[in-house]
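Have a look at the structure below before the remarks.
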Amino acid sequence: MSLKGTTALITGASSGIGEATALAFGAAGMNVAIAARRKDRLDNLAVLLRACGVEALVLEADITDTAQPAAIVERTVERFGRLDALINNAGVMLLGAIPGADPGEWHRMVDLNFTALTLCTLAALPHLQRAAQSEPRRVADIVNVSSVAGRVARANAGVYNATKFAVGAYSEALRQEVTRQHVRVALVEPGAVTTELGSHNRPEVREAMAKRLAGVERLDPKDVADAILYVVGRPRHMAVNEMLIRPTEQEG
């Protein structure tokens, strides 16, 4: 299905999977609204997108501020007149044992990985429902970027696991509510990817992660972006509801 002339909003677009997805969408002819906190990164990405011949809207935002999700959606629709796809990609992974944990880290993960995702979705839904009733595609998409951690709980990842399990449950409930309106809801669950996600952890946590994945060739963000593009590009009658993607050598 051609995506030319349609519009996507991507959160967490300043690096990694979000950045790669924006470029994949731009190459496919979609106009892209890119949201994140680091405006300098977004500005550089916007230059690359415009070189693809599409329009880019830079949205400097912290979507854990509960007013921001609705604001970035409204700015996207004001600029492009429509919203065809929402990619909820922003997330943070702060690992460690539950006993003696810093509750502030838990709040950061819940606020970004789950609450912000639900608020972005709530704000976007009326526009996605409208796009699903109109040309050129007569279908709209929500892609929630989760993780293998949303399927397999591990020690030292308790609250991160919980946020990703929550995203899975929320996505399935939403899918059942809007699928007859041709708003598709997909869950994309990557395994180990070469991104900045693990860099926010304490040194001992990063060391443990490196040992667990020693010898594993990790996914590139472009691999996950390709999967997201596949999901959004399916014909109207076909919905990809869940996609689990691991490096070939990753065992769990």
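Here are some notes:
- Scanning the stretch 55-76 for residues that are among the β-branched types (V, I, T) and either in contact with a Lys or Arg (Cβ under 7 Å, 6 or more places away or on another chain) or surrounded by fewer than 20 Cβ atoms within 10 Å (Cβ to Cβ) (or both) gives V58, T64, T66.
- Condition broken by W106, with the remaining ones in (1) part of a loop (DSSP other than H, G, I, E, B); (2) surrounded by fewer than 20 Cβ atoms within 10 Å (Cβ to Cβ); (3) more than 18 Å from the chain's Cα centre (by Cα) satisfied: (1)
- The stretch 85-100 - residue that is in contact (Cβ under 8 Å) with a residue 12 or more places away in the chain and more than 15 Å from the chain's Cα centre (by Cα) and, of those, surrounded by the most Cβ atoms within 10 Å (Cβ to Cβ): L95
- The stretch 168-184 residues that are over 10 Å from N241 (Cα atoms) and of a type in the set (S, T, Y), paired with ones that are at pLDDT 95 or above and not in a loop (DSSP other than H, G, I, E, B) (beta carbon under 8 Å, 6 or more apart): Y170/F114; Y170/L117; Y170/T118; Y170/N144; T179/V185
- L229 within 23 Å of A155 (Cβ to Cβ) and modelled with pLDDT of 95 or more: no
- Just one of the listed residues (L112, L128) is buried (at least 19 other Cβ atoms within 10 Å of the Cβ) and touching a Gly at 6+ places or on another chain (Cβ under 9 Å), namely L112.
- Members of the stretch 80-101 found to be closer than 20 Å to D62 by Cβ and outside any strand (DSSP E or B), listed by number: N89, A90, G91, V92, M93, L94
- Take the conditions (1) out of contact with any Pro (no Cβ under 8 Å at 6 or more places or on another chain); (2) of a type in the set (G, A, S); (3) more than 25 Å from V148 (Cβ to Cβ); A85 misses just one of them, which is (3).
- Scanning the stretch 1-51 for residues that are of a type in the set (K, R) and under 22 Å from T64 (Cβ atoms) turns up R37, R38, K39, R41.
The values are calculated or read from the model by the stated rules, or taken from the named source; none is laboratory data. Because the structure is predicted, anything quoted here is derived from the model rather than measured. Virtual Cβ from ideal backbone geometry, glycine too; neighbours counted across all protein chains shown.
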